[in-house]
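*Asks:* Would you mind keeping the following structure in view while I ask a few things?
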Amino acid sequence: MLFFSGDVQAHLDELAPYVAIPSVSRDADPGTMRRAAEWVAGQLARAAGRVEETGGHPVVRGEWLGAPGAPTVLVYGHYDVQPTGSLDEWSSPPFQLTRDGEVVRARGVSDDKGPVYMALKVVQAFLAQEGGLPVNLRFLIEGEEEIGSPNLPSFVTAHAADLAADLVVSADGAMWRPSEPSLSLGSKGLVSLSIEVSGARDDLHSGRYGGTVANPAAALATILAGLHRPDGSVQVEGFYDGIPPLSPERRAEIAAVPFSEEEYARELGVPEVYGEAGYTTLERLWERPTLEVNGVGAGGKYTVIPHRAEAHISCRLVPGQDPSRVLGQVSERVRELLPRGLVVSVHPDPGAVPAYTIPPDHPAVGAARRALEAVYPGEEILLAKIGGSVPATSLFEQVLGAKTIFFSFSTADERLHAPNEFLRVRRLGEGMRAWEALLRELGAALSVSR
């Protein structure tokens with residue numbers, strides 16, 4: 001067993017300068033993004049860590065291939081982070097690692113800098129203490145995950161031979177909740193689009209022109225309301241086509257998970273849960289597709305008929321759904337719902353992502369379960385799904401022919417993408433011990449399955 005420093009503060013002190021780099025991929029300057037990439041590459045110095053160019057922000061590559069005949073594992077993560085949102089909502093500076101009892105706060109500390117740090121420290125410990133690793137390792141840490149990984153496909157395709165692996169282990173993702181350890185068997189896909197309804201050339205005085213022309217804001221409200229039925233299901237022709245029925249066995253597994261809808265609603269600050277009829281909250285969260293309105297804009301608090309109104313919509317997809325087909329189905333429904341006297345345009349966002357899943361009987365799932373059981377003895381390992389999307393997983397499967405196992409030690413409630421993002425301090429030690437156990441388990445499990 002490897003030795004990891006029991007001085008948690010030493011780990012936090014090392015993590016702090018990494019978190020302090022405001023590597024917001026949406027709008028950070030190239031120099032800032034490169035500094036974050038170079039920090040990661042420095043941690044991989046003993047594994048040939050280096051920064052490599054893409055069509056956008058750079059990636060960090062590395063490898064240790066000193067185990068002839070052993071399986072090869074590609075470790076994936078990202079160093080970019082989400083924007084901070086309103087600074088007034090942060091209780092401490094977003095790019096200053098701040099400890100508050102049993103948690104540390106900062107943008108990116110949970111998604112994904114803290115989880116990547118854990119994997120890096122385990123590799124360092126293996127090489128320093130044992131002089132090698134149980135498996136061959138390659139590393140790919142990108143800087144554009146939070147903007148949909150637009151340049152990752154071309155990079156992975158061009159470097160497929162250099163990234164070849166039997167398995168990908170993602171440090172990105174999250175456990176379901178802090179009360180029990182969990183593994184995610186998949187992530188939902190994603191398509192998103194903007195809708196623009198336009199009418200007159202300019203905003204019109206609502207007294208002088210009211211009642212004579214169609215109102216884009218009212219029309220947009222009609223369109224958005226028409227995308228769902230009263231029972232919460234999506235009212236788009238063909239939206240659910242191709243989705244296999246939820247098996248009785250899976251429904252029983254989900255029903256066995258301790259879960260209180262009342263407590264869930266209370267934690268979110270809503271009066272009650274809501275969603276597609278015929279499914280429980282966890283079934284909807286893990287196994288069913290969704291269509292959500294993310295934002296609406298038009299006019300303002302003044303007496304005009306706005307000349308245009310816009311909304312942004314996203315759909316989270318499950319296996320069986322084709323992103324391009326869903327996009328076409330939603331676009332067609334939007335046009336059907338448009339009232340007379342107006343024009344609607346639909347603008348798909350780039351980077352549609354299909355849903356991803358790994359079979360529960362895959363050798364990597366068994367290895368990951370055993371690794372978690374070693375760190376959390378006596379606890380049931382929950383098999384969950386990620387409601388969000390990780391674009392790289394489908395890419396690795398298509399280009400490298402490798403499945404991905406999620407192995408992150410952030411937790412879904414740690415305000416990922418929101419103000420006051422945090423990481424539980426205990427996860428540092430738990431995560432490092434589990435990564436050690438995972439690499440040892442994979443050395444045997446993948447060798448047998450090759």
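Derivation of every value follows stated rules applied to the coordinates shown; laboratory data play no part. Note that the structure is predicted; figures quoted are calculated from it, not measured. Cβ placement follows ideal geometry from the backbone for every residue including glycine, while neighbour counts extend to all protein chains displayed.
*Asks:* Under 9 Å between Cβ atoms, at least 6 apart or on separate chains: pull out the pairs that start in region 246-267 with a residue that is assigned to a loop (DSSP other than H, G, I, E, B) and end on any residue that is among the hydrophobic types (A, V, I, L, M, F, W, C).
*Replies:* These pairs meet every condition: L246/I254; V257/W176; V257/L282; V257/L382; V257/A384; F259/L282.
*Asks:* Could you list all residues from region 1-38 that are part of a loop (DSSP other than H, G, I, E, B), within 21 Å of D111 (Cβ to Cβ) and among the hydroxyl-bearing types (S, T, Y)?
*Replies:* S23, S25
*Asks:* Mind checking which residues of region 360-386 are among the small types (G, A, S) and surrounded by 17 or more Cβ atoms within 10 Å (Cβ to Cβ)?
*Replies:* Answer for region 360-386, where residues must be among the small types (G, A, S) and surrounded by 17 or more Cβ atoms within 10 Å (Cβ to Cβ): A364, A367, A368, A371, A384.
*Asks:* Another question, then. Inside region 374-385, can you point out the residues that are of a type outside the set (S, T, Y), touching a residue at least 60 places away in the same chain (Cβ under 8 Å) and farther than 18 Å from A119 by Cβ?
*Replies:* Answer for region 374-385, where residues must be of a type outside the set (S, T, Y), touching a residue at least 60 places away in the same chain (Cβ under 8 Å) and farther than 18 Å from A119 by Cβ: E379, E380, I381, L382, L383, A384, K385.
*Asks:* Which of the residues belonging to region 223-246 are in contact with a helix residue (DSSP H, G or I) (Cβ under 9 Å, 6 or more places away or on another chain) and of a type outside the set (A, V, I, L, M)?
*Replies:* G226, G232, Q235, E237, G238, F239, D241, G242
*Asks:* Would you be able to tell me the number of residues in region 172-186 that are out of contact with any Lys or Arg (no Cβ under 7 Å at 6 or more places or on another chain), surrounded by 19 or more Cβ atoms within 10 Å (Cβ to Cβ) and assigned to a strand (DSSP E or B)?
*Replies:* Counting residues in region 172-186 that are out of contact with any Lys or Arg (no Cβ under 7 Å at 6 or more places or on another chain), surrounded by 19 or more Cβ atoms within 10 Å (Cβ to Cβ) and assigned to a strand (DSSP E or B) gives 2.
*Asks:* Please verify whether A355 is farther than 12 Å from L220 by Cα and out of contact with any strand residue (DSSP E or B) (no Cβ under 7 Å at 6 or more places or on another chain), treating the condition exactly as stated.
*Replies:* Answer is no for this residue.
*Asks:* Can you pull out every residue in region 351-406 that is under 23 Å from S149 (Cβ atoms) and among the acidic types (D, E)?
*Replies:* Correct list: E397 only.
*Asks:* Only one of (1) surrounded by 24 or more Cβ atoms within 10 Å (Cβ to Cβ); (2) out of contact with any Asp or Glu (no Cβ under 6 Å at 6 or more places or on another chain); (3) more than 30 Å from E287 (Cβ to Cβ) fails for Y209. Which number is that?
*Replies:* So Y209 meets the others, but not (1).
*Asks:* Looking at (1) more than 30 Å from R440 (Cβ to Cβ); (2) surrounded by 24 or more Cβ atoms within 10 Å (Cβ to Cβ); (3) not hydroxyl-bearing (S, T, Y), find the lone condition where P153 falls short.
*Replies:* Of (1) more than 30 Å from R440 (Cβ to Cβ); (2) surrounded by 24 or more Cβ atoms within 10 Å (Cβ to Cβ); (3) not hydroxyl-bearing (S, T, Y), only one is false for P153: (2).
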